[in-house]
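Before any comments, here is the structure.
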Amino acid sequence: MSSRIAVNYRNGHIFFCFEQLYSDTILDSFSCNIAEYNDYLFYDALHSQNDHIALTWLLRERSTGMIVAYMSLIADAIRLSISEKETHNLKYPFKTIPAMKVAKLAVAQLAQEKYKGLGTYMVNKALTIARICNRQLFACRFLTVDADIEHDKGVLAFYEKNGFAPNVELYNKNRKTISMRKDIYC
């Protein structure tokens, strides 16, 4: 058995192209192990995009054209506790701080078997988009996500490995997701 190909931000462009979802995009090559995420891409992503709710980005393997991952991004704002604001040296009276949210992130099952690091690669792509927004379009201090612990118990460890921290202000034991944030500039 051959080992998986390690993907990182320096070599990812060799293997993949990153593109926006369009109405004529063929999606039949994507399948992850969470039916809800497949359904979102096939039935809801374009509708959400057309309604200006979420913008979906695809990661396509250059050699085969297969969609190996996707993510949907939305505008967000998060509420931080006083101690969380102090941690980030945010001395503003605002109740919320601007953010960009990864609303959906999924990696195809076949791609997980072939490549290592695709989820992290997608998080880094989201960070790049957030930094571009900060330079050219609008301000956002954090990248946020609602980690889906209902479908993947290891998702918290994945996001923590990628520098995300749980949002204390939004913590609720009875949720199926855990609100997390990553300071774009740390």
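The values are calculated or read from the model by the stated rules, or taken from the named source; none is laboratory data. Please read all numbers here as calculations on a predicted model, not as lab measurements. Note: ideal-geometry Cβ built from the backbone for every residue, glycine included; neighbour counts use all protein chains shown. We work out accessible area using only protein heavy atoms, side chains counted, and drop any ligands, DNA or RNA first. Shrake-Rupley method; radii C 1.70, N 1.55, O 1.52, S 1.80 Å.
Of note:
- For region 61-82, filtering for residues that are surrounded by fewer than 20 Cβ atoms within 10 Å (Cβ to Cβ) and either closer than 14 Å to Phe30 by Cα or at pLDDT below 85 (or both) leaves 6.
- The single condition among (1) touching a residue at least 24 places away in the same chain (Cβ under 8 Å); (2) closer than 17 Å to Pro166 by Cβ that Glu86 does not meet is (1).
- Helices (runs of 4 or more DSSP H) enclosed by region 1-110 - at least 3 residues per element that are within 19 Å of the chain's Cα centre (by Cα) and under 22 Å from Val145 (Cβ atoms): 35-39, 45-50
- Qualifying residue in region 135-152 (condition: touching a Ser or Thr at 6+ places or on another chain (Cβ under 6 Å) and β-branched (Val, Ile, Thr)): no
- Note on region 1-56: residues that are of a type in the set (D, E, K, R) and surrounded by 10 or more Cβ atoms within 10 Å (Cβ to Cβ) amount to 5.
- Breaking point among (1) open to solvent by less than 30 Å² (accessible area, probe 1.4 Å); (2) more than 25 Å from Gln20 (Cβ to Cβ), for Ile184: (2)
- Candidate set: region 111-135, residues that are at pLDDT 90 or above and among the polar types (S, T, N, Q); chosen: the one farthest from the chain's Cα centre (by Cα): Gln112
- The listed residues are Ala99, Ala103, and the only one of them that is within 24 Å of Phe158 (Cβ to Cβ) and either open to solvent by less than 40 Å² (accessible area, probe 1.4 Å) or of a type in the set (Ser, Thr, Tyr) (or both) turns out to be Ala99.
- Unmet criterion (only one of (1) in contact (Cβ under 8 Å) with a residue 24 or more places away in the chain; (2) closer than 19 Å to Thr56 by Cα) for Lys114: (2)
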